Amino acid sequence: MTDFAATRRAFHLPQGITYLDGNSLGPMPVAARDRVARMMADEWSEMLIAGWNKAGWYVQPRRVGDRIARLIGAGPGQVVMGDTLSIKVFQALSAALRLRPGRRVILSDSGNFPSDLYVAQGLAQAVGAELRVVPPEDVEAAIAPDLAVLMLTEVDYRTGRRHDMAALTARAHQAGALAVWDLAHSAGAVDVDLTGADADFAVGCTYKYLNGGPGAPAFIWTHPRHADAAQPILQGWMGHDAPFAFDLDYRPASGIERMRVGTPPVIALTALDAALDVWEGVGLADLRARSIDLTQAFVAGVEARCPDVTLNSPRDPARRGSQIGFRHPQAYAVMQALIAAGVVGDFRAPDVLRFGFAPLYNDLDDVERAVDTLARVLRDGIWDDEKFRQKAAVT
Ligand SMILES: *Cc1c(COP(=O)(O)O)cnc(C)c1O
């Protein structure tokens, strides 16, 4: 059994705060602060340029990728780190599209995160492909024989709805298409099994449930059957077969290395590496069971005590990730009032109160405090105040 009391102690959780926003930015693992300080003191300052070899900065994107592999059902040598998720979406989607010459349709859904859709739109315009966007429940029926790539985010950032990755991938394969999965709200939140689902490409970020810190780099996975065939469009020097030969022509590195683009963010990767220590000994089945306990308790508590909100997530835990949304016509002000009272979730337009439950550090006490506070904010109309209506740049 995973010791979740121990994993909770590994984080700095500010006094007086119930943090249910780890689906946007995970809290800081205490070890990350010390690890980064040590890296600055021992590596960057003392080793200077030699750190690329001596401190292993150059191989860090693969080494850290191997640590993430276990959490997403991938094997060693199949995952590499770098860039932001939006860039990795482009990298995976463009490579998948090139593996289906003669086909030009990309299918996604309206529950996808806008950045993924924007990237797909830009790519489609640039290469003469077509992006089709359908409601999440219509995806399966929209998989047609002209499909090149099915590009989906497994867990919907707004509702928490979880797609059936294995079933939809199988349908895409039957149609002769490839499947690209975004795990932004899955990695570290649910029991992802890329190999079992037979997916083709996957990407995800590490600052949400993996707690790598603001701006932590994304990961990309390629199924081994494509690893030496995939041709990324962003052909950066770090993905070259021999970066330090400085050839004038691109020649892809073998395997997942070709998905690298430029210089990796070493300081951010150092923080992430420390954050991944917390995952040692965490079983994914335990993670999933605890996530379901927490979300079920939250739904039951809110529905019993807050008649003004309506559930905006699937009721069946098997069909959702590790977050719960509730709708309220004044959701923005309600969330601001909730945050002022020490319960941090977030608001997603137009009317959703969103709460992420991270099994590594959230527990049933957090659920109870969140339910109590939400019930009070709504019952007493605490949210109905001008100061809670002022919108900040980042919501
Ligand atoms: C959080 C998130 C992103 C953010 O992309 P960045 O490039 O890291 O800013 C993209 N896609 C999905 C599905 C997300 O949930």
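With +1 on the Cβ of every Lys and Arg and -1 on the Cβ of every Asp and Glu, and nothing else charged, how large is the dipole of the range 305-356 about its Cα centre, in debye rounded to the nearest 20?
So the magnitude is around 180 debye.
Could you tell me which of G262, F357, S322 has its Cα farthest along the dipole of the chain towards the positive end, charges placed at Cβ (Lys, Arg +1; Asp, Glu -1), taken about the Cα centre?
Looking along the dipole axis, the top candidate is G262.
Where the convex hull is taken over the Cα atoms of the range 237-395, what is its projected area averaged over directions, in nm²?
One quarter of the hull surface, i.e. the mean projection, equals 13.6 nm².
Round to the nearest 10 and give me the degree value, 0 to 90, for the angle of helix 165-174's Cα axis relative to the longest principal axis of the chain.
Compared with the principal axis, the helix lies near 40 degrees.
Using the charge dipole of the chain (Lys, Arg: +1 at Cβ; Asp, Glu: -1 at Cβ; taken about the Cα centre), state which of S313, W44, L25 has its Cα farthest towards the positive end.
Looking along the dipole axis, the top candidate is W44.
Which net charge results when you count Lys and Arg as +1 and Asp and Glu as -1 among the other residues whose beta-carbon is under 15 Å from that of G188?
-2
In debye, nearest 20: dipole of the chain around its Cα centre with unit charges on the Cβ of K, R (+) and D, E (-)?
340 debye
In the range 32-277, what percent of the accessible surface is made up of carbon and sulfur (1.4 Å probe, ligands and nucleic acids excluded)?
Answer for the range 32-277 is 56 percent, counting heavy atoms of protein chains only.
With every atom except the alpha carbons ignored, what do you get for Rg and Dmax of the range 92-156, in angstroms?
10.9, 30
What is the distance in Å between the Cα centres of the range 302-355 and the range 209-245?
35 Å
Over the range 10-157, with a single point scatterer placed on each C-alpha, what log10 of the ratio I(q)/I(0) does the Debye formula yield at q = 0.10, 0.12, 0.14, 0.18 1/Å?
Summing over Cα pairs of the range 10-157 leads to -0.55, -0.75, -0.92, -1.15.
What angle do you read, to the nearest 10 degrees and between 0 and 90, between the alpha-carbon axis of helix 331-340 and the longest principal axis of the chain?
It works out to around 80 degrees.
With the crude spin-label approximation of a point 7 Å out along Cα→Cβ, what separation in nm comes out for A304 versus D138?
Simple spin-label model gives 4.0 nm for this pair.
What is the sum of charges, Lys and Arg at +1 and Asp and Glu at -1, for the other residues whose Cβ falls under 12 Å from the Cβ of R376?
Summing Lys and Arg as +1 and Asp and Glu as -1 gives +1.
Give or take rounding to whole Å, what are the principal axis extents of the alpha carbon atoms in the range 25-108, in descending order?
53, 30, 23
For the range 278-341, what percent of Cα pairs sit more than 13 Å apart?
69 percent
Calculate how large, on average over all directions, the projected area of the Cα convex hull of the range 151-233 is; give the answer in nm² to one decimal.
6.1 nm²
Report ³J(HN,Hα) in whole Hz for each residue of the range 147-158, in order, from the Karplus equation J = 6.51 cos²θ - 1.76 cosθ + 1.60 where θ = phi - 60°; Gly and Pro get x.
Running phi through 6.51 cos²θ - 1.76 cosθ + 1.60 with θ = phi - 60° gives 5, 9, 9, 9, 10, 9, 9, 4, 10, 5, 5, 9 Hz.
With label points built 7 Å along Cα→Cβ from the Cα atoms of A41 and D228, find their separation and express it in nm.
4.6 nm
Over the chain, with a Gaussian network built from C-alpha contacts below 10 Å, which listed residue (N312, N53, N211) shows the highest mean-square fluctuation?
Top of the fluctuation ranking is N53.
Placing +1 on the Cβ of each Lys and Arg and -1 on the Cβ of each Asp and Glu in the chain, which of L152, A333, G102 has its Cα farthest towards the positive end of the resulting dipole?
Farthest towards the positive end: G102.
At 222 nm, what value in deg cm²/dmol follows for the chain if DSSP H runs of at least 4 each add -39500 (n - 2.57) and the sum is divided by all its residues, to the nearest 500?
-10500 deg cm²/dmol
Once the other residues with Cβ under 15 Å from the Cβ of V127 are scored (Lys, Arg +1; Asp, Glu -1), what is the net sum?
Neighbour charge sum, excluding V127 itself: +3.
So what's the angle, to the nearest 10 degrees on a 0 to 90 scale, between helix 60-69 and the longest Cα principal axis of the chain?
Taking Cα atoms only, the helix is inclined about 60 degrees.
Semi-axes of the chain's equivalent ellipsoid from the Cα gyration tensor, sqrt of 5 times each eigenvalue, largest first, rounded to whole Å?
That gives 35, 27, 18 Å for the three semi-axes.
The values are calculated or read from the model by the stated rules, or taken from the named source; none is laboratory data. Every value quoted in this text rests on a predicted model; they were computed, and no experiment measured them. Cβ coordinates were reconstructed from backbone atoms using ideal geometry, including for glycine residues, and neighbour counts include every protein chain displayed. Remember, those area values only see protein heavy atoms, side chains included, never the ligands or the DNA or RNA. Shrake-Rupley method; radii C 1.70, N 1.55, O 1.52, S 1.80 Å.
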